[in-house]
1. Can you pull out every residue in segment 232-253 that is more than 14 Å from Q151 (Cβ to Cβ), hydrophobic (A, V, I, L, M, F, W, C) and outside any helix (DSSP H, G or I)?
2. Just checking, which of I145, I111 is open to solvent by less than 10 Å² (accessible area, probe 1.4 Å) and out of contact with any Asp or Glu (no Cβ under 7 Å at 6 or more places or on another chain)?
3. Could you give every pair whose Cβ atoms fall below 7 Å, whose first residue belongs to segment 201-214 and is in the same structural domain as G351 (by the TED database) and loosely packed, with under 13 Cβ neighbours inside 10 Å, and whose second residue is at pLDDT 75 or above and part of a helix (DSSP H, G or I), counting only separations of at least 6 or pairs across chains?
4. Please verify whether K70 is buried (at least 20 other Cβ atoms within 10 Å of the Cβ), farther than 28 Å from F359 by Cα and either within 22 Å of the chain's Cα centre (by Cα) or not hydroxyl-bearing (S, T, Y) (or both), treating the condition exactly as stated.
5. Let me confirm something: among T80, T76, T24, which residue is open to solvent by less than 50 Å² (accessible area, probe 1.4 Å), of a type in the set (S, T, N, Q) and more than 18 Å from the chain's Cα centre (by Cα)?
6. Which members of segment 203-221 meet the condition of being touching a Leu at 6+ places or on another chain (Cβ under 9 Å) and either assigned to a loop (DSSP other than H, G, I, E, B) or closer than 21 Å to L286 by Cα (or both)?
7. Restricting to segment 314-336, count the residues that are at pLDDT below 75 and either in a loop (DSSP other than H, G, I, E, B) or over 19 Å from T126 (Cβ atoms) (or both).
8. Select from segment 95-108 the residues that are buried (at least 24 other Cβ atoms within 10 Å of the Cβ) and closer than 17 Å to L167 by Cα and list them in ascending order.
Amino acid sequence: GEPSVYHAVVVIFLEFFAWGLLTTPMLTVLHQTFPQHTFLMNGLIHGVKGLLSFLSAPLIGALSDVWGRKSFLLLTVFFTCAPIPLMKISPWWYFAVISMSGVFAVTFSVIFAYVADITQEHERSTAYGLVSATFAASLVTSPAIGAYLSQAYGDTLVVVLASGVALLDIGFILLAVPESLPEEMRPVSWGAPISWEQADPFASLRKVGQDSTVLLICITVFLSYLPEAGQYSSFFLYLRQVIGFSSETVAAFIGVVGILSILAQTVVLGILMRSIGNKNTILLGLGFQILQLAWYGFGSQPWMMWAAGAVAAMSSITFPAISAMVSRSTDPDQQGVVQGMITGIRGLCNGLGPALYGFVFYLFHVELNEMAEVETLGKASKPNMANPTDESSIIPGPPFLFGACSVLLSLLVALFIPEHNLALRSGSHKKHSTGAQAHPHSPPAGGSDGKEPLLEDSSV
């Protein structure tokens, strides 16, 4: 049949549903494999994966402009899901392959290019929103299902089910997903050249300082998204090991905060944009993020995490508000340039953030002697940390406090962003375009699959 947005929706849903099922088993395997420095190793694994995704996303996007989308959808989904069966076969190989899979863990970049091929410009934002909402829905439902199955039937069944879902996704691409790139836009031979400038992950970042307003926006994005990327990589492990959440409670937490975030980014964001304006909405979102991170940093009781989670849902309005400001205020022919810069910075943060959080956890000795304590001490009680220090008794989550300081700096920078008349210097970037401009169907340069691609996407 004809290519449609629904093909993209199914591919994204199945891929992230498979990974969401593994949320509970992965926390257990991670601690069993690295019992001494769990948070540090978790940060390094996700950091390497994020940096490799940042470096490879523009190249894969450029290659898909030449060779078509379907083959690269197949490639990215296959290698992204390849580590799943290794979880029960060899945990060391599982984590090694996860790190290396970052080279191909850029399904969102190819999916957005696929959607761009088959939609008109006025339809594109709605189509991207549908894909991003599907991603969010898969992560809202799958961790709870995985936690239930793990509790009732064991981790092995969950890994087998996740592997089956991944194979179903690969089969769907092979058999049901038609090529979206028109035949006339593909070269005659596979040896056709590609634009290496388009494939350069740092191309968009080099343009950041050429306009003072864009520079302020990019600094705001970097300082606010760096702690967010680190939080995504370690927070569920933190809830399980340090706060004492059970696997079922972690899954419920993901579901509740996910639903609240979707409501915040749809209903609440629209109301705030109309009532207090674009810039004030950004500032409010950053304020919520500071409160959320500080609460995570000082909170030591489960109820505090739930309360901070509700605040976290409100903080998710920040980046959509930034994207809207850029979209409304930038000249039409410069949209791709600025969005490419912002997306590139977020991709870089997906590599730096997890490594930073893991290192700070390591510095403050936030570890446990045994994961089993979480399950055996009564699920509401807090287990004892190994190597306790005075700092850890006062600040259970040091990286979150570091993150709050970073977002505070971001808020101070955002105060100087002019709300109107955002525009790049005329013609200054037309010869140096990002992937979004160099080819009408290519994904933004520097894009990365982060946890949440709700914004540039939107990861995961």
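1. none
2. I111
3. G209/L215
4. yes
5. Being open to solvent by less than 50 Å² (accessible area, probe 1.4 Å), of a type in the set (S, T, N, Q) and more than 18 Å from the chain's Cα centre (by Cα) holds for just one of T80, T76, T24, which is T24.
6. Listed by number, the residues that qualify are D211, T213, V214, I217, C218, I219, T220.
7. 5
8. A105, T107
The values are calculated or read from the model by the stated rules, or taken from the named source; none is laboratory data. Every value quoted in this text rests on a predicted model; they were computed, and no experiment measured them. No Cβ is skipped: glycine too gets one built from the backbone with ideal geometry, and neighbour counts run over all protein chains shown. Note: areas computed on protein heavy atoms with side chains; ligands, DNA, RNA excluded. Shrake-Rupley method; radii C 1.70, N 1.55, O 1.52, S 1.80 Å.
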